[in-house]
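Following: one structure in structure tokens, then a few remarks.
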Amino acid sequence: MNIVRRSATFDDIRREAKQLRASGLWFRRQALMMHDRVDRDSRTIPAVIATENPVLFWDPQRRRVSREVLVASGGMLFPWVPMLRMHQSWALEMSLGSVLNSRMVGRQIQADLQFAEAEDVQPVWSRVRDGHLRGVSIGGRRVEFTDIEPGQVATVAGRRWIAGKFPLRVTTKWIEREASVVLFGADGGPATH
């Protein structure tokens, strides 16, 4: 069985930030907002921003498509991270507001998305508020993961995992860095209530 374990310390994050984008340690996952609970006054909507459903991703280091599971209990979550436009972080204007109170609920990560009152955010907020934009995608940094080759079985973090047709990456430690409003969500588990 081919299992590759990789870990990094939290101190490594700052030193390696530029190199990480090409290394395969950054991730993005997509889910959906809960439109039945929009708070129009505070411009806030709750969302499931990640689940443990496997999602396909391109592994640039191994140059192949793999499936990944983010183990919810392994997330380092924060009371605040930025909410961005489609993971774009190259300008301050890409900020749509804040991701507040990220928390683990069962095998999901839930958070409250609060939209800024800035004029350039209003068109996005209108589409979200009215239910036309529903996708949200978490972005973060892998700290520790195990890769399981196709057809293999492994116990990781006390749970049995099976890699099917694609390699399976089980990410057991990860850091939430941002969440973004996106057009399409890849994580099929969460849904609007």
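The values are calculated or read from the model by the stated rules, or taken from the named source; none is laboratory data. As the structure is a prediction and not an experimental result, all values here were calculated from the model. Every residue, glycine as well, gets a Cβ built from its backbone with ideal geometry; the counts of neighbours run over all protein chains shown.
Against the list (1) within 23 Å of Val55 (Cα to Cα); (2) under 17 Å from the mean Cα position of the chain (by Cα); (3) among the polar types (S, T, N, Q), the condition Ser95 fails is (1). So for segment 95-106 (the condition being modelled with pLDDT of 95 or more and either in a helix (DSSP H, G or I) or closer than 21 Å to Thr146 by Cβ (or both)), does at least one residue qualify? Yes, segment 95-106 contains at least one residue that is modelled with pLDDT of 95 or more and either in a helix (DSSP H, G or I) or closer than 21 Å to Thr146 by Cβ (or both). Sort out which residues of segment 107-125 are within 16 Å of Val136 (Cβ to Cβ) and either at pLDDT below 95 or assigned to a strand (DSSP E or B) (or both), and write them in order of number. Within segment 107-125, Gln108, Ile109, Gln110, Ala111, Asp112, Leu113, Gln114, Phe115 meet the criteria. Checked against the criteria, Trp125 counts as surrounded by 14 or more Cβ atoms within 10 Å (Cβ to Cβ) and in contact with a Lys or Arg (Cβ under 7 Å, 6 or more places away or on another chain).
Check Ala31, Ala72 and return the single one that is at pLDDT 95 or above and either within 12 Å of the chain's Cα centre (by Cα) or loosely packed, with under 12 Cβ neighbours inside 10 Å (or both). Walk me through it before giving the result.
Numbers: Ala31 fails: at pLDDT 95 or above.
Testing whether each residue is at pLDDT 95 or above and either within 12 Å of the chain's Cα centre (by Cα) or loosely packed, with under 12 Cβ neighbours inside 10 Å (or both) leaves just Ala72.
Would you pick out the residues in segment 149-170 that are part of a strand (DSSP E or B) and either in contact with a Phe, Trp or Tyr (Cβ under 8 Å, 6 or more places away or on another chain) or surrounded by fewer than 14 Cβ atoms within 10 Å (Cβ to Cβ) (or both)? If the condition is that a residue be part of a strand (DSSP E or B) and either in contact with a Phe, Trp or Tyr (Cβ under 8 Å, 6 or more places away or on another chain) or surrounded by fewer than 14 Cβ atoms within 10 Å (Cβ to Cβ) (or both), then Val153, Ala154, Thr155, Arg159, Arg160, Ile162, Leu168, Arg169, Val170 are the ones that fit. Residue count for segment 84-96 satisfying the condition of being in contact with a Ser or Thr (Cβ under 9 Å, 6 or more places away or on another chain) and small (Gly, Ala, Ser): 2.
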